[in-house]
Amino acid sequence: MDLRAVRPYLWAFVLALFIPASWVLELVRADGVLVFAAAGAGIIPLAWFMGLATEELGKHAGPGIGGLLNATFGNATELIIALFALFSGLHEVVKASITGSIIGNILLVLGLSMFAGGLRHRTQTFSREASGIQTSMLLLAVIGLVMPDLYILSQETTGGAVSPGLLRSMSLGIAGILLAAYVLGLLFSLRTHRDIFNPVTEAAEEPHWTVRTALIVILVATGFVALQSELLVSSLESARTSLGLTELFVGVIIVAIVGNAAEHGSAVIMAFRNKMDLSVAIATTSTTQIALFVAPVLLFASLLTSQVMSLDFEIFELVSIALSTAVLAAVASDGRSNWYEGVLLVMVYAIIGVAFFYHP
């Protein structure tokens, strides 16, 4: 066996040991914190293998279909975790994880990528036009997420009663518009204006896996992600109580980082290799997928539960998302990055993290 062929996957195989470990801990009724930590660690390599298999399928299918596959499966792990939380009635955790994924991709992932790339390259460049379009899509999402809270605020200000039914209907209508914007965004980025998002024509990369192998890996990894997500969610309340953390902090910081960890690593590696366009694309595309695709899908999925979720996020969450979007617009405006800009982004994320930690 060629060890050089296995070496890139070694870290994933090591972390995969947490998968059986988490179930053993559950069977022996170990402390919820241990079960939660092991289940979360086990999800990280599974998400990475799903991403790798999707990438291999894309090489077989060509750039158009490949881009669609990456867009569809890009946030599959986060979606699966959120669905289990949704059907467990943890609506606040679901909404907090949406918030965490958005601010995490903008500030933490992009910040670490700029820092890592800047250590090796004095200044890096990326497409201002592509990042500008992604920022515009995020602004649309922010407007959509703010509207339900504006309705609640206006009712409270005038002394009127907040109608739960009206709030749900408004949320579903907004979710439908956001989903339509996402579909049209796919048409724009993968079909009519593909040159903006793929400005450099490179030779097609040869796939290392067969289509059958890639499909098997996706199916197996998805199955295990579902199992691990069930364990993660079932142990979440016990772990949260033991650690004295709020649902808001767990959703915004911990669950979001676990769901995005593999993707985070990919963006940082691309930046270190001076592929800053790709690194920025990973971070910003993942963010818009969460805001325009995952959030609406979760809202429509809640129709299958006893309590329909609405888009009334906490003001604290909305302000954090809006500030993160403003920071992205400022940083991406010149199409250039350096290590210090990366540090500043990570520091903004740290400030928001501290604020969420102390938020009751």
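See the values below:
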{"read-out": "Within the range 157-166, considering residues that are in a loop (DSSP other than H, G, I, E, B) and not hydrophobic (A, V, I, L, M, F, W, C), the one modelled with the highest pLDDT", "value": "S163"}
{"read-out": "So I152, is it in contact with a helix residue (DSSP H, G or I) (Cβ under 8 Å, 6 or more places away or on another chain) and part of a helix (DSSP H, G or I)", "value": "yes"}
{"read-out": "Any hit, the range 350-359, residues being more than 27 Å from I44 (Cα to Cα), outside any helix (DSSP H, G or I) and over 20 Å from the mean Cα position of the chain (by Cα)", "value": "yes"}
{"read-out": "S169 being among the hydroxyl-bearing types (S, T, Y) and modelled with pLDDT under 85", "value": "no"}
{"read-out": "All helices (runs of 4 or more DSSP H) inside the range 224-327 with 2 or more residues being more than 13 Å from I103 (Cβ to Cβ) and at pLDDT below 85", "value": "256-272, 276-289"}
{"read-out": "So V343, is it more than 22 Å from G132 (Cβ to Cβ), modelled with pLDDT of 90 or more and over 18 Å from the mean Cα position of the chain (by Cα)", "value": "yes"}
{"read-out": "Answer residue from the range 304-334, given it is in contact with a Lys or Arg (Cβ under 9 Å, 6 or more places away or on another chain) and surrounded by fewer than 18 Cβ atoms within 10 Å (Cβ to Cβ) and is farthest from M137 (Cα to Cα) among those", "value": "E314"}
{"read-out": "Neighbours by Cβ (under 9 Å, 6+ apart or cross-chain): first from the range 334-360, at positive phi; second part of a loop (DSSP other than H, G, I, E, B) and surrounded by 13 or more Cβ atoms within 10 Å (Cβ to Cβ)", "value": "G335/F126; G335/S127"}
{"read-out": "Residue pairs meeting the criteria (Cβ under 7 Å; at least 6 apart or on separate chains; first under 25 Å from Q289 (Cβ atoms) and in contact (Cβ under 8 Å) with a residue 24 or more places away in the chain, in the range 133-162; second charged (D, E, K, R) and surrounded by 13 or more Cβ atoms within 10 Å (Cβ to Cβ))", "value": "P148/D312; D149/D312"}
{"read-out": "Extreme residue, surrounded by the fewest Cβ atoms within 10 Å (Cβ to Cβ), among residues of the range 69-91 that are farther than 20 Å from I43 by Cα and at pLDDT below 90", "value": "G89"}
{"read-out": "Given (1) within 18 Å of K59 (Cβ to Cβ); (2) in contact with a helix residue (DSSP H, G or I) (Cβ under 7 Å, 6 or more places away or on another chain); (3) surrounded by fewer than 16 Cβ atoms within 10 Å (Cβ to Cβ), number of the condition R212 does not satisfy", "value": "(2)"}
{"read-out": "Considering residues of the range 107-128 that are among the hydroxyl-bearing types (S, T, Y) and under 9 Å from S337 (Cα atoms) only, the residue surrounded by the most Cβ atoms within 10 Å (Cβ to Cβ)", "value": "T125"}
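The values are calculated or read from the model by the stated rules, or taken from the named source; none is laboratory data. These figures come from a predicted structure and were not determined experimentally. Cβ coordinates were reconstructed from backbone atoms using ideal geometry, including for glycine residues, and neighbour counts include every protein chain displayed.
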